[in-house]
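To start, the structure itself, in structure tokens.
The values are calculated or read from the model by the stated rules, or taken from the named source; none is laboratory data. The shown structure was predicted, so the numbers you read here are calculated from the model rather than taken from an experiment. Glycine gets a Cβ as well: all are built from the backbone with ideal geometry, and neighbour counts include every protein chain shown.
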């Protein structure tokens, strides 16, 4: 297990379409996070899971966004009815208690 | 989490030490100082963290002032591969599952 994997690396979609991203965390990590990053800005927190429970959601996570971690392993982030403002890098990270985060390389979403 | 202030950009000559400052004047007694960096098109990478004492690892050294209101990340012999955005973050103890709050960071450019 070499790190946090995200798929796809790049996604181009038309406005109004739905998209889903996947994150596979480091296997022994029980915490999983989603962040969003726009150009020139630092990453912004979206949501956090401990095992399969979603424990915290940012106000940035509108009702068009939904995240799941059904078996406490991989996670998916779905965006419904995409808008141009959703264009960003979506980053996933995982951690185990007493250790720092490990981030994936992100999924770059472009909404056209 | 306490707010941090960093210069937007810095330059450093290859082989020289890079000293990246961070102000966190509102830090509370049980908040840690974390440093992450983000190389272009990759996710943030953990560098080092500390509470009160200076810390050193294979990547960098962290110097925290006695009053804990500021800190400096030191890359002792910067290489071209150290060119990245460096983020200073303060947060409660590392067992917390809470978010990382990123600012805009410092763009470090290492020049040949």
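I need a count of the residues in the range B:7-41 that are in a loop (DSSP other than H, G, I, E, B), within 16 Å of the chain's Cα centre (by Cα) and under 15 Å from residue B:64 (Cβ atoms). Step through it out loud before you land on a result.
Quick first cut of the range B:7-41, residues in a loop (DSSP other than H, G, I, E, B) only: B:7-8, B:14-17, B:24-31, B:39-41.
Restricting the remaining residues to those that are within 16 Å of the chain's Cα centre (by Cα) gives B:7-8, B:17, B:24-25, B:27, B:31, B:39.
Within this subset, residues satisfying the condition of being under 15 Å from residue B:64 (Cβ atoms) are B:24-25, B:27, B:31.
The total comes to 4.
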Restricting attention to the range A:7-55, the residues that are closer than 24 Å to residue B:105 by Cα and surrounded by 15 or more Cβ atoms within 10 Å (Cβ to Cβ) number exactly 13
Of the candidates A:64, A:59, the one satisfying the condition of being surrounded by fewer than 13 Cβ atoms within 10 Å (Cβ to Cβ) and either over 13 Å from the mean Cα position of the chain (by Cα) or free of Cβ contacts under 8 Å to residues at least 60 places away in the same chain (or both) is A:59
Selection from the range B:1-23 of residues that are more than 17 Å from residue B:75 (Cα to Cα), at pLDDT 95 or above and more than 14 Å from chain A (Cβ to nearest Cβ) | B:23
Considering residues that are out of contact with any strand residue (DSSP E or B) (no Cβ under 6 Å at 6 or more places or on another chain), closer than 17 Å to residue A:38 by Cα and part of a loop (DSSP other than H, G, I, E, B), the number found within the range A:75-100 is 1
Candidate set from the range A:32-43 (those that are farther than 17 Å from residue A:100 by Cα and more than 7 Å from chain B (Cβ to nearest Cβ)); member that is farthest from the chain's Cα centre (by Cα) | A:40
